[in-house]
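Colleague: Next up is a structure, given as structure tokens.
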Amino acid sequence: MIATMMGLDPSRLRFLQKAREAGLGDFDIDKINIIGELKVLPDFKLPPLGGEAVIDNEAIQELLHGRAILRPKADPEFCTACETCIDQCPVEALSMVEDLPEVDPEICISCFCCQEICPEKAIALG
């Protein structure tokens, strides 16, 4: 509920919407057991969330586009086909194809948990 503490409506954050759609939790304050008091931080300065500050900035748009198309890719030289990445993918975007994990780009949310969890460090972003 950090978003709420910052004075922001959590429903404006797309990643929280996607997480809720995937069944990974909810940001509805009425559905969360809060221990203590939820206080809004005074004078917290939020960046513009509607894209007003970055929509016409070509460098930022290129950076965002470059990050948005990154997908995990297994290196066959290091991958042992242990399937740890598949087991840990929160949206089940990975499947084993010819002893290598392969990502479904339509499902992948670019969280890169697979890269972090790989015991062989065989997953790179590409």
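Colleague: How do the peptides 7-13, 88-94, 34-40 rank, highest first, by the average count of neighbouring beta carbon atoms within 10 Å per residue? Walk me through the intermediate numbers first.
Modeller: Values: 7-13: 13.3, 88-94: 17.7, 34-40: 7.7.
Highest mean packing first, the order is 88-94, 7-13, 34-40.
Colleague: Would you mind calculating the relative contact order of segment 70-125 from Cα pairs under 8 angstrom and at least 6 residues apart, reporting the percent as a whole number?
Modeller: Averaging sequence separation for qualifying contacts and normalising by length gives 49 percent for segment 70-125.
Colleague: Using the Cα atoms of segment 70-125 to build a convex hull, what is its mean projected area in square nanometres? Spell out each step's value before the answer.
Modeller: Numbers: hull surface 12.7 nm².
Across all orientations, segment 70-125 yields a mean hull projection of 3.2 nm².
Colleague: If the cut-off is 16 Å between C-alpha atoms, which aspartates and glutamates fall inside it for residue 31, apart from same-chain ones fewer than 8 positions away?
Modeller: Excluding near neighbours in sequence, the set is 9, 21.
Colleague: Given Cα pairs under 8 Å that are at least 6 residues apart, what percent is the relative contact order of the chain?
Modeller: Across the chain, relative contact order equals 21 percent.
Colleague: Roughly how large, in nm² to one decimal, is the mean projection of the convex hull of the alpha-carbon atoms in the chain? Kindly include the intermediate steps, with their values, before the conclusion.
Modeller: Details: hull surface 41.4 nm².
Here the figure is 10.3 nm², rounded to one decimal.
Colleague: Take the Cβ-Cβ distance between residue 12 and residue 63 as r, set R0 to 22 Å, and report the resulting FRET efficiency rounded to the nearest 0.05.
Modeller: Using R0 = 22 Å, I get an efficiency of 0.55.
Colleague: Here's a follow-up. Efficiency by 1/(1 + (r/R0)^6): what FRET value for residue 75 and residue 46, r their Cβ-Cβ distance, R0 = 41 Å, to the nearest 0.05?
Modeller: Values: r = 40 Å, r/R0 = 0.97.
E(calc), rounded to 0.05, equals 0.55.
Each value in this text was obtained by applying a stated rule to the coordinates, not by laboratory testing. Here the structure is a predicted model, which means the values were calculated and not measured. Counting neighbours? That spans all protein chains shown, and the Cβs are built from the backbone with ideal geometry, glycine included.
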